[in-house]
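Visitor: Sharing a structure with you now.
The values are calculated or read from the model by the stated rules, or taken from the named source; none is laboratory data. Predicted model, so just to flag it, every value in this text is computed and none were measured. Cβ sites come from the backbone with ideal geometry, for glycine too, and all protein chains shown count toward neighbours.
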Amino acid sequence: MLPQFSPHSRQSPIPNPQSLALPIYLDNHATTPVDPRVVEAMLPYFTEVFGNAGSTTHPFGHAAKKTVEDSRERIAAGIRAAVREIVFTSGATESNNLAIRGVAGQFGSKGRHIISVATEHPSVLEPLEKLERRGFEITLLPVIPAGDERAGCIDARQVAESIRSDTILVSIMLANNEIGAIQPLAEIGRLCKDRGVLLHSDATQAVGKIAVDVEELQVDLMSFSAHKIYGPKGVGALYVRKSGPRVKLESQIDGGGQESGTRSGTLNVPGIVGFAKALELCSIDLPGEQFRLQTMRNRLFAGITAELSGVSLNGPAIALHKVGWVERSEGPPISGGAAGGSSLRS
């Protein structure tokens, strides 16, 4: 039996004595437990408001559709987007694929060059590999190496020097899930805007953890997910800019016409409700939670380096970790499980 705890409790979880052999969970970048307040918000949409949001010839479908649109509005507000710019998906992996393949399909006749970064998530790198086999040219930018206080980051000048007349897309994650590097996305966004190139960002590890404003970042496409922020698995979103410029994507899933034809498939109404609630809670808690988690992270790192020799920090200097709970260290083996990729939230 796993330890029972509230993800928003400020007390450490107290495990059942039978579970004392379990390791401490430090993998919140893989997934998080669903906040009880999120579960409570979702429950009526499994058994009471159970209609299909795409079947609106009766009140059951109308109620489901209204719920989806209300949730879309709340999620849009969380990233400072327009309501119609939110496209629901099954998660950030699908959102990344839709963004990259959708741009390649829609704009491939204008150019076949795409720029990304070597440290991106596989859901970005693998679609790019497939596009490369189809004749697209992919430029993967290297990050600043270990030893520099900005290790893991790129410089906007690298992007500027790599853009060509046939470049159709730049895809750069906002916050790295392993080493906590925050990329200078706003600067890159302004650069892409000036050069007429679309910018996509995988912001899965940033939304709900730091303030994210799509207009400030100047992104045209942005992926994010619910289960990284104490929401349910199986639901995510893709922000798709509708003006300045209006971005059109080639759909990757057809056959229902949902999401204005961009992404067909029956909408996960309970999941969407949970997504909106989770992001809303994160936005409310953000200032205090960032400070609390940064304090915990600093204490952990200080304790590790005080007790163990040969430990080094992968990624940017601790002071530059704006995603407060990201930490990855390397050192001698420690029994009881891996210590890398730590993610703390009590």
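Visitor: Can you pull out the residues in segment 157-186 that are free of Cβ contacts under 8 Å to residues at least 40 places away in the same chain, crowded, with 16+ Cβ neighbours inside 10 Å and over 30 Å from Gly231 (Cβ atoms)?
Guide: Scanning segment 157-186 gives a single hit, Gln158.
Visitor: Pairs, please: C-beta under 6 Å, at least 6 apart or cross-chain, first residue in contact (Cβ under 8 Å) with a residue 12 or more places away in the chain and among the aliphatic types (A, V, I, L, M) and in segment 102-121, second part of a helix (DSSP H, G or I) and surrounded by fewer than 18 Cβ atoms within 10 Å (Cβ to Cβ)?
Guide: Ile115/Ser162
Visitor: Here is a follow-up. Can you tell me how many residues in segment 187-196 are part of a loop (DSSP other than H, G, I, E, B) and touching a helix residue (DSSP H, G or I) at 6+ places or on another chain (Cβ under 8 Å)? Working first, answer last.
Guide: Pass one, segment 187-196, residues part of a loop (DSSP other than H, G, I, E, B): 196.
Applying the additional criterion that residues be touching a helix residue (DSSP H, G or I) at 6+ places or on another chain (Cβ under 8 Å) yields none.
Residues meeting the conditions: 0.
Visitor: Within segment 210-224, track down each residue that is within 13 Å of the chain's Cα centre (by Cα), crowded, with 24+ Cβ neighbours inside 10 Å and within 19 Å of Ala181 (Cβ to Cβ).
Guide: Of everything in segment 210-224, those that are within 13 Å of the chain's Cα centre (by Cα), crowded, with 24+ Cβ neighbours inside 10 Å and within 19 Å of Ala181 (Cβ to Cβ) turn out to be Val212, Met222, Ser223, Phe224.
Visitor: Sticking with this one: If a residue must be among the aliphatic types (A, V, I, L, M) and surrounded by fewer than 24 Cβ atoms within 10 Å (Cβ to Cβ), how many such residues does segment 236-254 contain? Don't jump to the end; show me each part of the working.
Guide: First, pick out the residues of segment 236-254 that are among the aliphatic types (A, V, I, L, M): 237-238, 240, 247, 249, 253.
Filter once more, keeping what is surrounded by fewer than 24 Cβ atoms within 10 Å (Cβ to Cβ): 247, 249, 253.
Qualifying residue count for the region: 3.
Visitor: What number of residues within segment 163-186 satisfy the criterion of being part of a loop (DSSP other than H, G, I, E, B) and hydroxyl-bearing (Ser, Thr, Tyr)? Reasoning before the result, please.
Guide: The initial filter retains those residues of segment 163-186 that are part of a loop (DSSP other than H, G, I, E, B), namely 163-166, 172-174, 176-181, 183-184.
Keeping just the survivors that are hydroxyl-bearing (Ser, Thr, Tyr) gives 165.
Residues in segment 163-186 being part of a loop (DSSP other than H, G, I, E, B) and hydroxyl-bearing (Ser, Thr, Tyr): 1 in total.
Visitor: Identify the single condition in (1) among the charged types (D, E, K, R); (2) under 24 Å from Ala30 (Cβ atoms); (3) touching a residue at least 24 places away in the same chain (Cβ under 8 Å) that Glu129 does not satisfy, given that it satisfies every other one.
Guide: (3)
Visitor: Between Val68, Val87, Val143, which is in a strand (DSSP E or B) and either closer than 17 Å to Leu199 by Cα or touching a residue at least 12 places away in the same chain (Cβ under 8 Å) (or both)?
Guide: Numbers: Val68 fails: in a strand (DSSP E or B); Val143 fails: in a strand (DSSP E or B).
Exactly one of Val68, Val87, Val143 is in a strand (DSSP E or B) and either closer than 17 Å to Leu199 by Cα or touching a residue at least 12 places away in the same chain (Cβ under 8 Å) (or both), namely Val87.
Visitor: Can you pull out the residues in segment 43-65 that are in a helix (DSSP H, G or I), farther than 21 Å from Thr89 by Cβ and hydrophobic (A, V, I, L, M, F, W, C)?
Guide: If the condition is that a residue be in a helix (DSSP H, G or I), farther than 21 Å from Thr89 by Cβ and hydrophobic (A, V, I, L, M, F, W, C), then Phe60, Ala63 are the ones that fit.
Visitor: Out of all the residues in segment 31-42, which are touching a residue at least 24 places away in the same chain (Cβ under 8 Å) and either more than 11 Å from Tyr230 (Cα to Cα) or assigned to a loop (DSSP other than H, G, I, E, B) (or both)?
Guide: So the first thing to find is which residues in segment 31-42 are touching a residue at least 24 places away in the same chain (Cβ under 8 Å), and the list is 31-39, 41-42.
Once the filter is applied, which keeps residues that are touching a residue at least 24 places away in the same chain (Cβ under 8 Å) and either more than 11 Å from Tyr230 (Cα to Cα) or assigned to a loop (DSSP other than H, G, I, E, B) (or both), segment 31-42 yields Thr31, Thr32, Pro33, Val34, Asp35, Ala41, Met42.
Visitor: Being over 30 Å from Ser71 (Cβ atoms), in contact with a strand residue (DSSP E or B) (Cβ under 6 Å, 6 or more places away or on another chain) and not polar (S, T, N, Q) is true for just one of Ile182, Ile154, Ile168, Ile172. Which residue is that?
Guide: Working: Ile182 fails: over 30 Å from Ser71 (Cβ atoms); Ile168 fails: in contact with a strand residue (DSSP E or B) (Cβ under 6 Å, 6 or more places away or on another chain); Ile172 fails: over 30 Å from Ser71 (Cβ atoms).
Exactly one of Ile182, Ile154, Ile168, Ile172 is over 30 Å from Ser71 (Cβ atoms), in contact with a strand residue (DSSP E or B) (Cβ under 6 Å, 6 or more places away or on another chain) and not polar (S, T, N, Q), namely Ile154.
Visitor: I've got another one for you. So is Thr139 at pLDDT 95 or above and within 30 Å of Val311 (Cβ to Cβ) or not?
Guide: On the way: at pLDDT 95 or above: yes; within 30 Å of Val311 (Cβ to Cβ): no.
Spelling it out, it is not the case that Thr139 is at pLDDT 95 or above and within 30 Å of Val311 (Cβ to Cβ).
Visitor: From the list Ala77, Ala81, Ala53, which one is in contact (Cβ under 8 Å) with a residue 60 or more places away in the chain, farther than 12 Å from Pro270 by Cβ and in contact with an Asp or Glu (Cβ under 9 Å, 6 or more places away or on another chain)? Walk me through it before giving the result.
Guide: Numbers: Ala77 fails: in contact (Cβ under 8 Å) with a residue 60 or more places away in the chain; Ala53 fails: farther than 12 Å from Pro270 by Cβ.
None of the other options fit; the residue is Ala81.
Visitor: Here's something else I'd like to know. Looking at Leu249, Leu199, Leu267 in this structure, which one is among the hydrophobic types (A, V, I, L, M, F, W, C), in a strand (DSSP E or B), at negative phi and modelled with pLDDT of 95 or more?
Guide: Working: Leu249 fails: in a strand (DSSP E or B); Leu267 fails: in a strand (DSSP E or B).
Only one candidate qualifies: Leu199.
Visitor: Could you pull out the residue among Ala211, Ala226, Ala203 that is within 25 Å of Gln106 (Cβ to Cβ) and of a type outside the set (Phe, Trp, Tyr)? Walk me through it before giving the result.
Guide: Details: Ala211 fails: within 25 Å of Gln106 (Cβ to Cβ); Ala226 fails: within 25 Å of Gln106 (Cβ to Cβ).
From the options Ala211, Ala226, Ala203, the qualifying one is Ala203.
Visitor: Could you tell me whether any residue of segment 210-220 is touching a helix residue (DSSP H, G or I) at 6+ places or on another chain (Cβ under 8 Å), over 26 Å from Lys242 (Cα atoms) and either aromatic (Phe, Trp, Tyr) or not in a helix (DSSP H, G or I) (or both)?
Guide: Checking segment 210-220: not a single residue is touching a helix residue (DSSP H, G or I) at 6+ places or on another chain (Cβ under 8 Å), over 26 Å from Lys242 (Cα atoms) and either aromatic (Phe, Trp, Tyr) or not in a helix (DSSP H, G or I) (or both).
Visitor: If you go through segment 80-106 one residue at a time, how many are surrounded by fewer than 18 Cβ atoms within 10 Å (Cβ to Cβ) and more than 19 Å from the chain's Cα centre (by Cα)?
Guide: So the answer is 3.
Here is a yes/no grid of residues against (1) more than 27 Å from Asp35 (Cα to Cα); (2) in a helix (DSSP H, G or I); (3) at pLDDT 95 or above:
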site: Gly271; (1), (2), (3): no, yes, yes
site: Lys277; (1), (2), (3): no, yes, yes
site: Glu280; (1), (2), (3): no, yes, yes
site: Gly303; (1), (2), (3): yes, yes, no
site: Ala319; (1), (2), (3): yes, yes, no
site: Lys322; (1), (2), (3): no, no, no
